[in-house]
Amino acid sequence: MPLLATRNLTKHFGGLSAVQGLDLDIDSGQMVGLIGPNGAGKTTVFNMISGFLSPTKGQILFKGKDITGLPPNRIAEKGLVRTFQLTTLFTDLTVLQNVLIGCHSQARIGLWQDLFHTASVLKRERKVESKAMAALEFTGLSEFKSELAGNLPHGRQRSLSLAIALAVEPQMLLLDEPVTGMNAHETELFMGRLERLKEKGVTILLIEHNMLAAMSYCDRMVVLNYGQKIAEGAPAEIRQNEEVIKAYLGSGEVH
């Protein structure tokens, strides 16, 4: 059984078909790249899987359970966590505070317990902070924990978005263009961390326009064009696929 599956996943906006009949299987422990020219429907697929958009029709299964139409927080609680194309951080809060906010939904501290700082709350707060620090350590940000998030350079802000997602201990990550705007060194470090996450058992589905990064690290590629899947396979196969080459040549987006 695949960890994540979509069946006939479809999204219409008025008369426009953004995604049409997408069947997708992602096995546990894989890193899969979802690629295609601009406007191919990639982010719409992510928005449906993560609960930010309801499909017009079709089904989304995670761990064999139907999650179609569930709100984003419910989907995240099940272990499917998504980051966004644009870095969305609390820029006036510290790096650590940003990750702690990401952990908050898992803390489940009741109002009265919180007001009176019971022993169980203090214990749970220490556990949450330990998770947050582990995420910062993994992403190379622990030394910047007291820095305002808005003062971080772009590459570290992207890493902070990953740390926030990791702090809730996901089984699967959806990453929307995670290395956009990074230089070659930052990209290599970031993709190397994703490789280590995969080795730890975290499944990854990513949208990425950096073809070198995607082809170098992904086990498998899925290619969309005009909302439809046109190819699927190992990076070496996709690189030689004539329909994929034609789609990218037609868009002027060959990298």
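Which net charge results when you count Lys and Arg as +1 and Asp and Glu as -1 among the other residues whose beta-carbon is under 11 Å from that of Ile230?
Details: positive: Lys229, Lys246; negative: Glu232, Glu242, Glu243.
Cβ neighbours under 11 Å give a net charge of -1.
Within the chain, what percent of beta bridges assigned by DSSP are antiparallel, to the nearest 5? Please report the intermediate quantities before stating the final value.
Working: 20 of 36 bridges.
That works out to approximately 55 percent antiparallel.
Test of understanding: ordering Asp66, Asp219, Asp176 by Cβ neighbours within 10 Å, fewest first, what list do you get?
So the residues, fewest neighbours to most, are Asp66, Asp219, Asp176.
What does the charge count around Asn8 come to, taking other residues whose C-beta lies under 14 Å from its C-beta (Lys +1, Arg +1, Asp -1, Glu -1)?
+1
Pop out the ³J(HN,Hα) list for region 169-185 in order, Karplus 6.51 cos²θ - 1.76 cosθ + 1.60 with θ = phi - 60°, rounded to Hz; leave Gly and Pro as x.
Per-residue couplings from phi come out as 6, x, 8, 9, 10, 10, 10, 9, 6, x, 9, 4, x, 8, 7, 4, 5 Hz.
Once you list every other residue whose beta carbon is under 12 Å from the beta carbon of Asp176, what net charge do they have if Lys and Arg are +1 and Asp and Glu are -1?
Values: positive: Lys42, Arg82, Arg158; negative: Glu177, Glu208.
Within the 12 Å Cβ shell, the charges total +1.
Within a 10 angstrom radius of the beta carbon, how do Thr6, Thr56, Thr88 rank from fewest other beta carbons to most? Write out the running numbers ahead of the final one.
Details: Thr6 23, Thr56 15, Thr88 12.
Final ranking by Cβ density, sparse to dense: Thr88, Thr56, Thr6.
Would you grab the residues whose amide H sits under 5 Å from the one on Val19? Only those 5+ places off in sequence or on another chain, please, with H modelled 1.01 Å from N.
Lys11
Helix 154-166 sits at what angle to the longest principal axis of the chain, using alpha carbons and giving 0 to 90 degrees rounded to 10?
The angle comes out near 80 degrees.
Taking the Cβ of each residue in Cys103, Cys218 as the centre, tally the other Cβ atoms inside 10 Å and list the residues starting with the fewest. All intermediate terms of the calculation are to be shown ahead of the outcome.
Numbers: Cys103 20, Cys218 25.
Going from sparsest to densest Cβ surroundings: Cys103, Cys218.
Every number here is computed from the coordinates shown, using simple stated rules; none is lab data. These numbers were taken from a predicted model, which means no experiment stands behind them. Cβ: placed from backbone, ideal geometry, glycine included. Neighbour counts: every protein chain shown.
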